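Following: one structure in structure tokens, then a few remarks.
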Amino acid sequence: MQREALSKGFIYTLLIIGGLCMILPFIWMISTSLKAPNEVMIMPPKWIPAIFHWDNYATAWAMAPFGRYTFNSLIVLVASTIGELITTVLAAYAFSRINFYGRDIAFSVLLGTMMVPGEVLLIPNFVTLANFGWIDRYEALIIPWLASIFSIFLLRQFFLSVPKELSFAAKIDGCNDFRFLWSIMVPLAKPALITIALLKAIGSWNAFLWPLVVTSSENMRTLPVGLTTFSTDAGTMYELLMAASTMIILPMIILYLILQKYIIEGVARAGIKG
């Protein structure tokens, strides 16, 4: 009994230390966003500013057209998330419920593409979009990200956990595959779909490298790219950069806190059957 208590205490201690390591950068970001310029780089560092400069947030917002950046980020987030959900549902159902020649081989090949670093595909994708004339347009920010192999894999695992007898009963009642998918499978997969949507939303909202490469005008920039405004040849305005970063990540943190139970349920249930 005592050994079990010590074991739990050790595990909890490790979890607390790990949690602190994860949250400390966010605390430092918020602290820095409220500092005066001369307090940012002093040593030893100060966690609590002498005076809380709340005006840093207003100054950061006014230094660049963050309203336009926010609009662009929302357009990309909504369009790419909806598009990925549609392609994921259709592909996951095909790979889990429809028997066709080469299905398992095709799925294995798709999984293999997850081993290819995204940076390797950067130049080929850019050249392809340039040939289409999509550079510095919403098409370049949205269309390449309308499908995700990881999302297909996650939802396929969820669909495999649904008893096959349910589909047999539906077909006996005259329900075709398309109706069975959207009327029965999709409602059952709500936790997994919310997980996929949230992960996609966070990834789209935080994307930096791809929007930086395919956009050249200020009107097409997204929020993460807009953060480069605070880095100039004269140096980086860290207090304003941290203020803008705080404003950018806050919506995703709130969204995650609201939907975290669905994420846990979706990931847990997706692993029931492989």
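The values are calculated or read from the model by the stated rules, or taken from the named source; none is laboratory data. Just so you know, these numbers come straight off a predicted model, no measurement behind them. We place every Cβ from the backbone using ideal geometry, glycine too, and count neighbours over all the protein chains shown. Accessible surface areas use protein heavy atoms only, side chains included; no ligands, DNA or RNA. Shrake-Rupley method; radii C 1.70, N 1.55, O 1.52, S 1.80 Å.
Consider Leu155 carefully, then state whether it is touching a residue at least 24 places away in the same chain (Cβ under 8 Å), touching a Leu at 6+ places or on another chain (Cβ under 8 Å) and surrounded by fewer than 16 Cβ atoms within 10 Å (Cβ to Cβ). Here the answer is no, as Leu155 does not meet what is asked. For the range 212-250, a tally of residues being surrounded by 17 or more Cβ atoms within 10 Å (Cβ to Cβ) and of a type outside the set (Val, Ile, Thr) returns 16. Taken residue by residue, the range 155-164 has no member that is among the basic types (Lys, Arg), farther than 23 Å from Pro191 by Cβ and assigned to a helix (DSSP H, G or I). Taken as a whole, the structure places Val76 among residues that are part of a helix (DSSP H, G or I) and surrounded by 13 or more Cβ atoms within 10 Å (Cβ to Cβ). Within this structure, Leu122 fails the test of being aliphatic (A, V, I, L, M), assigned to a helix (DSSP H, G or I) and open to solvent by 50 Å² or more (accessible area, probe 1.4 Å).
If you filter the range 158-176 down to residues that are open to solvent by less than 60 Å² (accessible area, probe 1.4 Å) and touching a residue at least 12 places away in the same chain (Cβ under 8 Å), you find that the one that is nearest to Tyr262 (Cα to Cα) is Phe158. For the range 193-210, which positions are assigned to a loop (DSSP other than H, G, I, E, B) and surrounded by fewer than 20 Cβ atoms within 10 Å (Cβ to Cβ)? If the condition is that a residue be assigned to a loop (DSSP other than H, G, I, E, B) and surrounded by fewer than 20 Cβ atoms within 10 Å (Cβ to Cβ), then Phe208 is the only one that fits.
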